[in-house]
Protein chains: 2
Amino acid sequence: MQFHLNGFHAGDPAIKNADPDHQWRAEFPSKVDVLIVGSGPAGLTLAAQLAQFPSIATRVIERRGGPLELGQADGISCRTMEMFNAFGFGDRVAAEGYQVNEVSFWMPDPDNADGIRRVGRVPDVPEGLSEMPHIILNQARVHDFYLEQMRYSPTRLEVDYGLQLQSLDVNTDDVDYPVTATIDDTNAGKIIVTRARYVVGCDGARSQVRTAIGRELKGDYQYQAWGVMDVLAKTDFPDIRLKSIVKSANEGNILIIPREGGYLVRIYVELDSLGERGGSRETTLEEVVAATQRIFKPFSFDVQDVAWWSVYEVGHSLTDKFDDVPDEQVGNRTPRVFIAGDACHTHSAKAGQGMNVSMGDTFNLGWKLVSVLEGRCGSELLHTYSAERQTVAQALIDFDHEWSRIMSAPAEQDAVTDIPRVQKHFVEGGEFTAGLSVRYDESSITASARWQKLAPGFQVGTRFHSVPAVRISDAKIVHLGHVVRADARWHIFIFSDLSRNRARLFCDYLAHDANSPILKHTPAGADNDAVISTCGVLQDPHHAIEFMSLPAILRPSKGKFQIVDFEKAYCVNHGLNNDAFDLRGIDRNQGCMVVVRPDQYVAAILPLDAYEELQQFFAGVLRTVASTYPAS
Amino acid sequence: MQFHLNGFHAGDPAIKNADPDHQWRAEFPSKVDVLIVGSGPAGLTLAAQLAQFPSIATRVIERRGGPLELGQADGISCRTMEMFNAFGFGDRVAAEGYQVNEVSFWMPDPDNADGIRRVGRVPDVPEGLSEMPHIILNQARVHDFYLEQMRYSPTRLEVDYGLQLQSLDVNTDDVDYPVTATIDDTNAGKIIVTRARYVVGCDGARSQVRTAIGRELKGDYQYQAWGVMDVLAKTDFPDIRLKSIVKSANEGNILIIPREGGYLVRIYVELDSLGERGGSRETTLEEVVAATQRIFKPFSFDVQDVAWWSVYEVGHSLTDKFDDVPDEQVGNRTPRVFIAGDACHTHSAKAGQGMNVSMGDTFNLGWKLVSVLEGRCGSELLHTYSAERQTVAQALIDFDHEWSRIMSAPAEQDAVTDIPRVQKHFVEGGEFTAGLSVRYDESSITASARWQKLAPGFQVGTRFHSVPAVRISDAKIVHLGHVVRADARWHIFIFSDLSRNRARLFCDYLAHDANSPILKHTPAGADNDAVISTCGVLQDPHHAIEFMSLPAILRPSKGKFQIVDFEKAYCVNHGLNNDAFDLRGIDRNQGCMVVVRPDQYVAAILPLDAYEELQQFFAGVLRTVASTYPAS
């Protein structure tokens, strides 16, 4: 956490100075830059990013009367936890939530046809997949963390509750505020009309924004009903504090998700055994409990208190495109309306993906909207949102289809090998479930994998897989991935060592060459890392490096007083198999640079002398601006 | 973090349900259980503990008009960080503060009489000393964390600002409210008279409470002046982000303490070189800066912004007793007035101990006051506060005397060996500086070290040195020391394995025997861990243990619904040299129990069959009460 750059300020450094000119105000403005419809995980992930930028006028409308108190979603994947780090609250979520460490599998007991027995216990997250854990925490608390971020941001952004979108019109002739939104203020009983540069529909499966742009959720409903309940229970089932999959011989299946706080547990129970009525909304809590008890036999399960329960049917659906531009118009205009989260994809809850993919959608969109609205990028960048996220959603639907089928399948279908099929499938899907299988295709913001061999452990198009390193200035061991914050900046990580002239030449080029992307794309008056931040990661042992001998770009002067930023220079952590070069297979001889997008994905791997390729890459994304950063 | 035991509650679980009958109210009460005078680190450490107990009416008065915004102290030792864990905010302090990893030493450059050169760089905290780091954070922020704890507690305790103690009278004939405090309400311009069961003076070096009980700070002033400043500076000194000790040939010495946020730095500079005037209050900021610059040569040091600065003289002083009972009356009556922190000991800032020892004082006193006021212990327990903490303060004064002398000594005195004396002394004092050298003498609350050989790594009388372990119910790796919270409970850690009948018999004894300290000392209707909590730490591999086969006391039912507490049973972490038995030298064959006090200190090491010794120990501390915990 860096603060006090421009002078000491008393109080909590997480509370940013309020920008006097761009504050959230009670009266709804007639014009906004971004109108977010819906304050679920997708809406708030976007709002928390935009709120950091006083230049961007953002409003969030929500038809509910107030903040969510009890959410349905609860799974937070490793990838989402990495993203929470970028917002600064990953550690707090980890401290409060339940950490999923192991998954246990139970199948019919061959010695007791009415009973179950444990057949396997596997790690939930494969070793080394992420530095962050898999966490379970009530969605409402995730909202709270985002709302705090917004409240503490320079714009002091708040959600407007009780505001229901009525209609949306896009007039593509209006280049500034093409979208007109009509909103029903249910508290005041009046209609608000506002014009927006961009509208983002995070308004759920029945999205009005989606309808307004003429898109549809297409898919299937399997009429496979599940009950779900958050309960306090007395039980002698030994794995009640482990994520567990239980398949009984004849009574159906259960998924157990222990909850935060050490006592509460979520039970998903298959209701097929209730027959036709199971699929209907008439199923009672008593029936859900009774079904659970039958499956748990010979173990007892006495529900003492029910925090929440519901019955739902598994459905899979997807929208073909996540913005308002028809395929045939992509060359002519750029998007003005986007949809995200449940508005574009629905699926079952049991792979624990829903909230995660929704937040991933708007983490992808957030920096793009910031970049366009701040003038760093042309608006054509916005086409990449649907292109990238629709593919992710399709993969999710495909995975979840298969997973739902295997989860719901009768136990006898699992017994084809020694290890039950459901367990085998779970282990194989570990990377997917952790949210780490996303790989964006080559595009304007993701380079080709031509130089992939220089660092096979940082796969181009996948998220930057963090490694620990030693910060040279203060000898602190930190995670390099945590350097990337939700602030819309690009990052160049230089992996090399000091004895290589190549790295020094590259640093000089970045700092001083007229063609350097930093000089070309950083606006006048801004710190030299305002758009692209550069970090060095050296192979040399920590004590062999003199801080002041580092290239200037790895110790840049910043802010009002031009104080050195001491958090750009790192070296490998030689202890305990933690050497970044080993962990990611980086070519020790050549080194390389890893270009990381603002959303933590690897944009490019390049040799350290690939100046031309680097320039071209950034020229394809960022606008050239007049820079005052000294070129000499 | 455990919550939702008695049902789900929406919102931040750190915010406890308010107790309707015992709330802080604006009007000052005529009677209080505890009156705390002063809201510095000592006062707030006490207030944050007492605030958790609705049965205790606590008030905190502070003569300042509002919370501290910029504090002088900033060093937070490993031991204090462990204590912060007990309050639940250790991780947040670590995330926000500067972490001291290495210390660098600079001495006159033999090749350049006017210059300095680095002669050594050593780890700040020896490996394995604590699981918590050494942190630097503005004292005002530490206050903020405590104030939040108080605000979120069931009693919603707030500090009463603008209230200045005028006088204090102790009438030992009044058994209920013997202390009468007269307070000047400087806001309202009126006098408040209140009667208290106990008064704790945390009111600094000029303590009025100390004066009221006729005690004196006795000591010496060395007239050794130092300047201190928190600044943003441009410098080419390479170790400006390391804690550094710099001794110049002729210009004096500097101590550098990097500050939170990555930019700010604190400089302590010896002012002897300014001659007589250096010791006076007339020294200017310009002179402090100029002295710094002379010592830093050949490096530049241009101050850009000054957050705070001061000049002070090193003094060492100590009060002979920390309560109001004269030695000759100890057998006749128990203390009613206590003093803590700077009110009883003052010393230099440069060993980074001041705030830490002050907080240690009231962390020691807090659980004792709670135990007496809740009726768990007799009031003679309160004698142990002064007995334990006066010794600690004496050790601090002795250490600081020596350290101040060595820090201030001319550089030539360091050059007696290859390694400068100041560096050698720093390394030798590592345990002290980390706050970990405290060892309480044998007393009613600290047993003899007779069975020390069963676990040499848990020294009786020292703080429980945390070890990682695997929680059996959910396979999470946790630190055992973090089980001990600031809640006035005792802990028995049972180190054994399941194959030993001895451990199982001991667990049965604890749960069911009429002489078990748990049965004897737990009040009717309370959970069986309300006074003494029992944890098991087994040698068996995690997957070899069936949770339901564990002794009942390691999976107790608690709360309104009698839900199992899943956080009492652990096994060793076999990975990476983390086996608790190896780390602390625990006898694998015999096992042992480790009794830990509410303030995290080891009270006793006993064999698992030492029922009689255990009973006697607890009988000497806790009152016998009627228990409803089933004895059969």
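The values are calculated or read from the model by the stated rules, or taken from the named source; none is laboratory data. What you see is a predicted model, and the numbers here were worked out from it, not measured in a lab. For neighbour counting, all protein chains shown are included, and Cβ atoms are generated from backbone atoms with ideal geometry for every residue, glycine included. Quick note on the areas: whole protein, heavy atoms, side chains included, nothing else; ligands and nucleic acids left out. Shrake-Rupley method; radii C 1.70, N 1.55, O 1.52, S 1.80 Å.
Once you list every other residue whose beta carbon is under 12 Å from the beta carbon of A:ALA307, what net charge do they have if Lys and Arg are +1 and Asp and Glu are -1?
-3
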Fill in: Amide H within-cut-off set for A:TYR601, under 5 Å, with H built and near neighbours excluded
A:PHE464
Worksheet item: Taking square-rooted eigenvalues a ≥ b ≥ c of the alpha carbon gyration tensor, is the protein assembly as shown rounded, prolate or oblate, where a/c under 1.5 means rounded and, failing that, a/b exceeding b/c means prolate?
Response: oblate
Worksheet entry | Other protein chain Cβ atoms within 10 Å, averaged over every residue that makes up B:467-478 | 4
Practice prompt. Count charges around A:GLN23 for me, please; just the other residues with Cβ under 15 Å from its Cβ, Lys/Arg as +1, Asp/Glu as -1.
Written response: -1
Worksheet item: Between B:THR186 and B:GLN23, what FRET efficiency follows from the Cβ-Cβ distance if R0 is 22 Å, with the result rounded to 0.05?
Response: 0.35
Worksheet item: ³J(HN,Hα) across the range A:209-220 via Karplus (A = 6.51, B = -1.76, C = 1.60, θ = phi - 60°), whole Hz, x for Gly/Pro?
Response: 5, 4, 4, 4, 9, x, 9, 10, 7, 10, x, 10
Worksheet item: If you take the accessible area of B alone, add that of A alone, and subtract the area of the pair, what total do you get in Å², probe 1.4 Å, to the nearest 100?
Response: 5400 Å²
Worksheet item: How many percent of the accessible area of the range B:452-619 is carbon or sulfur, using a 1.4 Å probe?
Response: 50 percent
Worksheet entry | DSSP bridge orientation in the protein assembly as shown - percent antiparallel, rounded to nearest 5 | 75 percent
Discussion item. In whole Hz and in residue order, list the ³J(HN,Hα) couplings for the range A:488-501 that follow from phi through the Karplus curve 6.51 cos²θ - 1.76 cosθ + 1.60, θ = phi - 60°; x for Gly and Pro.
Written reply: 6, 8, 8, 9, 10, 9, 9, 9, 6, 9, 5, 6, 7, 5
Worksheet item: Over the range B:1-126, what is the percentage of antiparallel beta bridges among all DSSP beta bridges, to the nearest 5?
Response: 65 percent
Worksheet, complete the sentence: Rounded to a whole number, the mean other protein chain Cβ count within 10 angstrom for residues of A:4-15 is 6
Discussion item. Viscosity 1.002 mPa s, temperature 20 °C: what is the translational diffusion coefficient of the range B:134-257 from Stokes-Einstein with a Kirkwood Rh over Cα pairs, rounded to a whole number of µm²/s?
Written reply: 110 µm²/s
Worksheet item: To the nearest 10 square angstrom, what accessible area does A:TYR263 show with a 1.4 Å probe?
Response: 20 Å²
Discussion item. I'd like the FRET efficiency for A:GLN164 and B:ALA14, computed as 1/(1 + (r/R0)^6) with the beta carbon distance as r and R0 of 25 Å, rounded to 0.05.
Written reply: 0.15
Worksheet item: For A:ASP302, which inter-copy label distances result when the label point lies 7 Å beyond Cα on the Cα-to-Cβ vector, reported in nm to one decimal and in ascending order?
Response: 7.6
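Can you tell me the order of B:532-543, B:232-243 when each peptide is scored by its average per-residue count of other Cβ atoms within 10 angstrom, highest first?
Details: B:532-543: 20.5, B:232-243: 22.1.
Output ranking for B:532-543, B:232-243: B:232-243, B:532-543.
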Worksheet entry | Shortest-first nm distances, B:GLY189 label point to equivalent points in other copies (7 Å, Cα→Cβ) | 4.9
Fill in: For A:VAL119, residues with placed amide H under 5 Å, excluding near neighbours
A:PHE105, A:TRP106, A:MET107
Item to complete: Could you check how much of the accessible area of the range A:254-360 is carbon and sulfur, as a whole percent, using a 1.4 Å probe?
Response: 46 percent
Item to complete: Would you mind classifying chain B by shape? Square roots of the alpha carbon gyration tensor eigenvalues, ordered a ≥ b ≥ c; an a/c under 1.5 is rounded, otherwise it is prolate if a/b is larger than b/c and oblate if not.
Response: oblate
Fill in: the protein assembly as shown - charge dipole about Cα centre, Lys and Arg +1 at Cβ, Asp and Glu -1, debye rounded to 20
140 debye
Worksheet, complete the sentence: Net charge near B:TYR509 (other residues with Cβ under 13 Å of its Cβ; Lys, Arg +1; Asp, Glu -1) is -2
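Before rounding to the nearest 500, sum -39500 (n - 2.57) across all DSSP H runs of length at least 4 in chain B and divide by the residue total; then give [θ] at 222 nm in deg cm²/dmol.
Helix-only estimate at 222 nm: -7000 deg cm²/dmol.
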Worksheet item: Given H placed 1.01 Å from N in the peptide plane, which residues other than close sequence neighbours of B:LEU165 have an amide H under 5 Å from its amide H?
Response: B:ASP184
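Out of the DSSP beta bridges found with both residues in the range A:452-619, what percent are antiparallel (nearest 5)?
Of those bridges, close to 65 percent are antiparallel.
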Worksheet entry | Principal-axis tilt of helix B:41-50 within chain B, Cα atoms, nearest 10 degrees | 10 degrees
Practice prompt. Distance between Cα centroids, the range B:601-623 to the range A:440-497: provide it in whole Å.
Written response: 55 Å
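Considering just Cα atoms, how many Å³ per residue does the convex hull of the range A:452-619 enclose?
107 Å³
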Worksheet, complete the sentence: Expected vector for the range A:61-78, Karplus 3J(HN,Hα) from phi with 6.51, -1.76, 1.60 and θ = phi - 60°, integer Hz, x for Gly and Pro, equals 10, 9, 6, 4, x, x, x, 5, 9, 9, x, 8, 6, 8, x, 10, 6, 3
Discussion item. At 1.4 Å probe radius, can you tell me the per residue accessible area of the protein assembly as shown in Å²?
Written reply: 36 Å²
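Other chains near B:234-240: what is the mean number of their Cβ atoms within 10 Å of each residue's Cβ?
If you average over the peptide's residues, the count of other-chain Cβ atoms is 5.
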Discussion item. Measuring nothing but label to label, 7 Å from Cα along Cα→Cβ, what are A:ASP527's distances to the other copies in nm, shortest first?
Written reply: 4.5
Worksheet item: If we sort A:481-491, B:17-27 on the protection proxy, mean other Cβ atoms within 10 Å, highest first, what's the order?
Response: A:481-491, B:17-27
Fill in: Charge dipole of the protein assembly as shown about the Cα centre (unit charges at C-beta), most positive-ward option of A:THR283, A:ALA387, B:ALA411
A:THR283
Discussion item. Looking for one value pair here: nearest-to-axis residue in chain A (by Cβ) for the rotation onto B, and the distance in whole angstrom.
Written reply: A:ASP91, 3
